[in-house]
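The values are calculated or read from the model by the stated rules, or taken from the named source; none is laboratory data. Every value quoted in this text rests on a predicted model; they were computed, and no experiment measured them. Reconstructed Cβ throughout: ideal geometry from the backbone, glycine too, with neighbour counts over all protein chains shown.
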Amino acid sequence: MSSETFKIIIAGGSVAGLTLANMLEQNNIEYIVLEKYGSIAPQLGASIAVMPNGARILDQLGAWDPLVSSLTEEEIFQHLSMRDADGSELFNGLDFQATIRERCVSLSTVQPVDETRPRTDSRM
């Protein structure tokens, strides 16, 4: 078996990149995040919807509770329904909580513990 070491390069410090970085860090796998903006969670005026499937992943990473602790009861969806173009119900209910948060708040909860690994102002 080879004993070579490797480092994973993650292009982009948004939800997917930071979630991957968080998982790699928890499993002691070397990585670096390259982010083009000057900070990991810049205030861009956008929001991120965290639906039940994503919330469960954040919960497994230990990032859901910090996100929820900053929310009011009204900001956590306990019920959700979706309809198609004809108005027929496609989905009704939630099996896990969901929310919509400002992008910068959502990203700060999945940022890895080792804040030296993301490199900002980096372009590929």
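Some values worked out for this structure:
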read-out: Residue pairs meeting the criteria (Cβ under 6 Å; at least 6 apart or on separate chains; first part of a loop (DSSP other than H, G, I, E, B), in segment 64-85; second hydrophobic (A, V, I, L, M, F, W, C) and exposed (fewer than 12 other Cβ atoms within 10 Å of the Cβ)); value: Asp84/Leu90
read-out: Looking only at segment 14-41, and only at residues there that are farther than 20 Å from Gln60 by Cβ and modelled with pLDDT under 80, the one that is surrounded by the fewest Cβ atoms within 10 Å (Cβ to Cβ); value: Gly38
